[in-house]
């Protein structure tokens, strides 16, 4: 059995939820549609798979391959700054980025990453 087959997709789906109702409510995909996909061992369309994965708090990649990608993480403080900056309009975001880049000279990074790399 190929690890990327639909049957395995639905096994992973079932491992994340025992009932379809929460998925149905969050995705607006009908129970009959979910059942048909499982019975026919077929994949949902990409947009539907994304909605299903989001409703299960996972990724389509996990449902298809069983693996999650590793994403770089940032400190809670950096995340807090990003959330606040995201609330600004485009001009405010540009100013905030300039301020952060200016701080880099006074407060060097603890690791080898560059603010320019992160911001791009």
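The values are calculated or read from the model by the stated rules, or taken from the named source; none is laboratory data. From a predicted model like this one, the values you see are computed outputs, not experimental measurements. Because the Cβ atoms are built from the backbone with ideal geometry, glycine has one as well, and the counts that use them run over all protein chains shown.
Report yes if residue 45 is closer than 21 Å to residue 4 by Cβ and crowded, with 16+ Cβ neighbours inside 10 Å, otherwise no. Taking the combined requirement at face value, the residue does not satisfy it. In the stretch 61-90, the residue that is modelled with the lowest pLDDT out of those that are loosely packed, with under 10 Cβ neighbours inside 10 Å and either closer than 30 Å to residue 29 by Cα or in contact with a strand residue (DSSP E or B) (Cβ under 8 Å, 6 or more places away or on another chain) (or both) is 71. Of the candidates 58, 33, the single residue that is in a loop (DSSP other than H, G, I, E, B), surrounded by 11 or more Cβ atoms within 10 Å (Cβ to Cβ) and either without any contact (Cβ under 8 Å) to a residue 40 or more places away in the chain or at negative phi (or both) is 58. If only residues of the stretch 7-21 that are out of contact with any helix residue (DSSP H, G or I) (no Cβ under 7 Å at 6 or more places or on another chain) and part of a helix (DSSP H, G or I) are counted, the one that is nearest to residue 64 (Cα to Cα) is 8.
State yes or no: is residue 64 touching a residue at least 12 places away in the same chain (Cβ under 8 Å) and farther than 18 Å from residue 7 by Cα? No; evaluated as a whole, the condition is false for this residue.
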